[in-house]
Amino acid sequence: MEQAFAKTLDEDVDFDSLEVGAVFKFSQLENKDRECASRVVEMIPEGVSVSGPDYLGAHLSMRETYAIFPALYNSADYVIVDVFSQKIMRILDADAGLVRDVVARIMKDPNYKLDVACGNLFVFKKIGPHAKIEMLPLQERYEFDEKVDLEIFKSLTVVDYTVPEILRRGENKSLEITYVKRDNDSLDGYFLFLTFVNKSTKEMYQVANLPSFSLYQLPDWTEGLYYTEDLELALPGFLDPGEYDVFVGMSNIIRTRNLYLGDVEVR
C-alpha cells in the first residue's frame with residue numbers, strides 16, 4: 001500500500017508503555033509541507049474557483065478562477081488557508097488581525113464546511129447553507145473545573161480534553177482541549193498543533209490547531225485564564241487506516257514539546 005506520508009517519527013517511542021501526560025520532543029509542524037500541498041492540489045476538482053496561497057497558483061491555474069487568499073474568500077468554491085502564509089500580509093500591507101478576522105469569518109460562514117486539513121493547510125468547501133455552530137471554536141473562561149493537570153511546556157497546561165475513540169476519514173469530528181497558562185512565561189512565537197502517529201508504521205499526520213493559530217494566538221493568552229479549543233478534525237482520505245497515538249504539540253520551530261493524550265482508531 002502507498003504510504004500517506006513520508007514523514008516518520010524521529011524519536012524512539014515505546015508505544016506499548018505510553019502514559020497519558022508523557023512529553024516528547026519529536027518533530028515540529030512543518031511550515032511548508034510539500035506532501036500535504038501536493039495531496040491538496042490533487043483533491044481540488046477542475047472547473048472550480050479557488051482562493052488560496054500564492055505558491056499553489058501554478059498548480060491550480062487550470063481551475064476556472066484562482067485568486068490569492070483572502071481574495072474571493074466568501075465566494076470561491078474552495079478556499080485554502082495556509083496558517084503560515086506571510087505573503088498575504090505583504091500584499092495587503094495589513095496587520096495580522098485582518099487576516100485572522102477573515103479566517104474567523106470563513107469558520108463561521110454557514111455556506112462553507114471544512115473539507116480537509118493537512119499540516120499547515122485547511123481546505124474549506126462551499127456547500128451552501130448547513131447546520132453550523134456559530135460560537136467561535138476558541139473560548140476564554142475565568143473559571144473551569146479542572147479534570148487533569150498535564151503541562152506541555154512553559155507552564156501551558158492541559159486541564160481537560162476529549163479524544164474520540166474512532167475517527168473516520170472524510171467525516172468531520174471534534175477534539176476538544178482546555179488549557180491554562182499557569183505562569184507569566186512568554187509564549188511569543190509558539191503555536192499549537194496535533195500529531196497522530198501510526199502505531200504500526202510510525203508515520204505521522206500533523207495538523208495545526210486552527211483556532212489558536214488564527215483567532216486568538218498563544219502570545220495573547222492571559223495567565224490564570226482558561227482557553228478551550230474545539231478542534232474540528234477533517235482527516236484526509238489518503239491517511240492510512242489503523243491505530244494512532246495522539247499528541248498535542250507546542251512549538252516555536254526551535255523548541256518543540258508533544259504531550260501524549262491517548263489513542264484513536266482511524267477508519
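The values are calculated or read from the model by the stated rules, or taken from the named source; none is laboratory data. Computed from a prediction, not measured in an experiment: that's the story for all the values here. When we count neighbours, we look across all protein chains shown, and the Cβ atoms used for this are built from the backbone with ideal geometry, even at glycine.
Using the structure shown, decide if Glu19 is part of a loop (DSSP other than H, G, I, E, B), among the acidic types (Asp, Glu), closer than 23 Å to Gly242 by Cα and modelled with pLDDT of 85 or more. Give the derivation first.
Numbers: part of a loop (DSSP other than H, G, I, E, B): yes; among the acidic types (Asp, Glu): yes; closer than 23 Å to Gly242 by Cα: yes; modelled with pLDDT of 85 or more: yes.
Considered against the rule, which asks whether it is part of a loop (DSSP other than H, G, I, E, B), among the acidic types (Asp, Glu), closer than 23 Å to Gly242 by Cα and modelled with pLDDT of 85 or more, Glu19 comes out as yes.
Is it the case that segment 176-185 has a residue that's surrounded by 19 or more Cβ atoms within 10 Å (Cβ to Cβ), in contact with a Leu (Cβ under 8 Å, 6 or more places away or on another chain) and more than 15 Å from Glu151 (Cα to Cα)?
First pass over segment 176-185, keeping only residues surrounded by 19 or more Cβ atoms within 10 Å (Cβ to Cβ): 177-181.
Checking which are in contact with a Leu (Cβ under 8 Å, 6 or more places away or on another chain) leaves us with 177, 179-181.
Cutting the leftovers down to more than 15 Å from Glu151 (Cα to Cα) gives us none.
Checked against the condition, which is being surrounded by 19 or more Cβ atoms within 10 Å (Cβ to Cβ), in contact with a Leu (Cβ under 8 Å, 6 or more places away or on another chain) and more than 15 Å from Glu151 (Cα to Cα), segment 176-185 yields no hits at all.
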Being touching a Cys at 6+ places or on another chain (Cβ under 6 Å) and small (Gly, Ala, Ser) narrows Gly119, Gly189 down to just Gly119
Open item on the list: Taking the criterion of being closer than 20 Å to Val23 by Cα and not assigned by TED's automatic domain parsing to the domain that holds Val40, would at least one residue in segment 164-173 satisfy it?
Closed with: no
Ser214 fails exactly one of (1) touching a strand residue (DSSP E or B) at 6+ places or on another chain (Cβ under 7 Å); (2) buried (at least 17 other Cβ atoms within 10 Å of the Cβ), namely (1)
When segment 24-36 is checked residue by residue, the ones that are modelled with pLDDT of 85 or more and surrounded by 15 or more Cβ atoms within 10 Å (Cβ to Cβ) are Phe24
Turns out the strands (runs of 3 or more DSSP E) fully within segment 46-147 with at least 2 residues that are within 22 Å of Ala234 (Cβ to Cβ) and modelled with pLDDT of 85 or more are 49-52, 78-82, 112-118, 121-126, 138-141
- Message: I'd like to check something: does segment 134-142 contain any residue that is among the aromatic types (Phe, Trp, Tyr) and loosely packed, with under 15 Cβ neighbours inside 10 Å?
- Response: yes
